[in-house]
1. Can you work out the Karplus-derived ³J(HN,Hα) for every residue in segment 152-158? Use 6.51 cos²θ - 1.76 cosθ + 1.60 with θ = phi - 60°, whole Hz, and x for glycine or proline.
2. Calculate, for the chain, the solvent-accessible area per residue in square angstrom, rolling a 1.4 angstrom probe over the heavy atoms of the protein chains.
3. Order the peptides 264-272, 333-341 from the highest to the lowest mean number of other Cβ atoms within 10 Å of their residues.
4. Between [x] 59, 21, 18; [y] 42, 25, 21; [z] 63, 23, 17, which matches semi-axes √(5λ) of the Cα gyration tensor in Å calculated for the structure shown?
5. Just check segment 258-310 against the gyration tensor rule for me: Cα atoms, a ≥ b ≥ c as the square roots of the eigenvalues, rounded for a/c under 1.5, and otherwise prolate or oblate depending on whether a/b exceeds b/c.
6. Ignoring ligands, DNA and RNA, what percent of the accessible area of the chain is carbon or sulfur (1.4 Å)?
7. In debye, nearest 20: dipole of segment 204-337 around its Cα centre with unit charges on the Cβ of K, R (+) and D, E (-)?
8. Place +1 on the Cβ of every Lys and Arg and -1 on the Cβ of every Asp and Glu in the chain, take the dipole about the Cα centre, and give the residue among T299, T102, N313 whose Cα lies farthest towards its positive end.
Amino acid sequence: MTHTLRTSRRSINKALAALALWSLPAMTARAAEAMQGLAEPATDRVDEIEFADLPSLLADARLTYAPGEEGAVGVGDVLRVKREGYAYQIAPPAGSDHDLTTQGGIRLSAIASNGVLECRQMGLKGIGDETALLQRAVNRAVERHSRFRQSQKIHITPVGITCPPRLDWEFVGPACLEMLAHNSGSYQMIRCHLGANDILLRRPVCNGRRDLNAATTGEWGMGISLRGCKNITVIDPQTDNCWGDGIYLGSIGRPEDTDYAVNQNVTIIRPRGNNNRRQGMSIISGADLLVEDSYYTNTNGSPPQCAIDIEPNNWRDVLHRIRIVRPKSSGNKNAGLMIHLGTAQPPTPSDIYNISISIIDMDSNTGSGTPDGYGLIISGNNDRPNLHGTISAIRPRIVDTPSTAILFSRWWLSNIKVLVEMPEIVRAPRPALIGRKKGAILFDDGRSLDKGGAIGQVHVVSPTITY
């Protein structure tokens with residue numbers, strides 16, 4: 001095994017000690033040439049030692065902290081590995097602020113390259129349970145003001161990964177998080193909870209492996225969980241096979257708590273999910289939430305079983321300026337998109353619960369595949385006069401749904417204005433009494449808006465329907 005020494009600015013005595021140390025047959029001409037500059041007055045140069053690759057560095061037993069001995073190195077010296085392009089700084093021999101340790105006991109702290117720390121550089125191997133190691137790696141990336149880049153599959157347990165504030169986590173190539181065999185009805189593979197603000201997740205991939213879950217109850221196994229956090233951006237997430245939801249956007253606290261926290265300023269671009277058990281995505285609370293170009297398929301196993309479900313748990317869960325743009329869905333057992341407000345009632349008549357939700361260019365089963373059970377469901381507003389606000393669905397397109405394409409369920413005495421504009425419903429079920437009334441645009445008492453018009457505060461404008 002050979003390594004290359006590079007001498008940079010350091011004291012003359014340190015350089016001479018290094019020269020004595022590396023007076024070996026393997027010493028390179030480049031190192032000898034570097035020593036010619038020893039007469040220059042300098043006090044801040046750092047020795048660099050280069051290894052062929054990371055395994056060679058980790059197998060090294062020659063380097064030592066012992067001063068004056070052959071192979072002596074000092075805290076702050078830099079080691080590099082040529083093949084992988086990684087760099088490490090030698091950490092103090094005591095303490096825990098290091099990432100790797102050589103066979104000889106030299107502790108190494110990874111140095112970011114172009115602002116990036118890579119998972120293999122931090123010691124992750126993609127073998128066995130690496131939950132704790134991955135948690136340490138993402139924490140240290142934030143501490144070192146670096147992006148964390150994951151480039152391989154990493155297996156985790158239901159303990160999951162907690163995102164620290166200001167985390168920038170990038171998945172590249174085959175990178176994903178995959179659950180090991182487990183027995184849990186509740187988990188979060190990636191969690192951004194109260195205080196976890198200013199986070200960027202790039203192309204995160206989560207496989208919940210519901211087939212490896214021995215649990216028979218529970219529905220709260222989440223791929224990505226966002227609760228009570230601010231300024232979150234998630235780009236191109238893929239969340240499959242979760243015991244609960246692919247992505248969950250909720251709150252933190254009890255309704256009576258003064259510090260009850262909801263999500264604020266969250267953007268999710270091009271989310272994908274397949275074969276999740278409860279929902280593709282649940283939106284429980286949020287202010288200034290944008291979901292763009294989602295595609296959820298084959299949600300099945302535990303109700304409601306929708307591609308996207310907007311459903312507050314209580315009246316403290318705000319739904320302010322929620323925008324769902326170009327959502328696509330197919331094969332979900334229930335609806336492509338559901339809004340359910342059954343639990344949003346404030347405790348006193350003087351309290352007003354305001355919502356604003358807009359759905360633009362919804363697409364339920366335009367492509368090939370199994371249709372959703374329903375296209376769009378808006379429900380749960382019986383006898384709740386202090387619920388106010390607006391819901392709009394602009395240009396929804398719903399194809400081949402076996403049940404009602406757009407259903408208003410338990411939707412009476414509403415102070416919420418609903419606008420469905422230019423819906424296109426292709427091959428709608430013909431109105432017929434089969435257990436319950438079916439059709440294109442219906443209230444659950446059988447009243448129809450297939451031809452457009454208004455019932456109460458619900459307005460349907462310019463529908464296009466084929467049967």
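The values are calculated or read from the model by the stated rules, or taken from the named source; none is laboratory data. In this text, all values refer to a predicted model and were calculated from it rather than measured experimentally. Neighbour counts are summed over all protein chains in view; Cβ atoms, including those assigned to glycine, are modelled from backbone coordinates with ideal geometry. The accessibility values were calculated without ligands, DNA or RNA, using every heavy atom of the protein model including side chains. Shrake-Rupley method; radii C 1.70, N 1.55, O 1.52, S 1.80 Å.
1. 8, 6, 10, 8, 9, 9, x
2. Working: 19540 Å² over 467 residues.
In whole numbers, the chain has 42 Å² accessible per residue.
3. Working: 264-272: 19.3, 333-341: 25.4.
Result, highest mean first: 333-341, 264-272.
4. Evaluating semi-axes √(5λ) of the Cα gyration tensor in Å on these atoms matches [x].
5. Numbers: a/c = 3.53, a/b = 1.50, b/c = 2.35.
Verdict is oblate for segment 258-310.
6. Numbers: 9980 of 19540 Å².
Carbon plus sulfur share of accessible area: 51 percent.
7. 280 debye
8. T299
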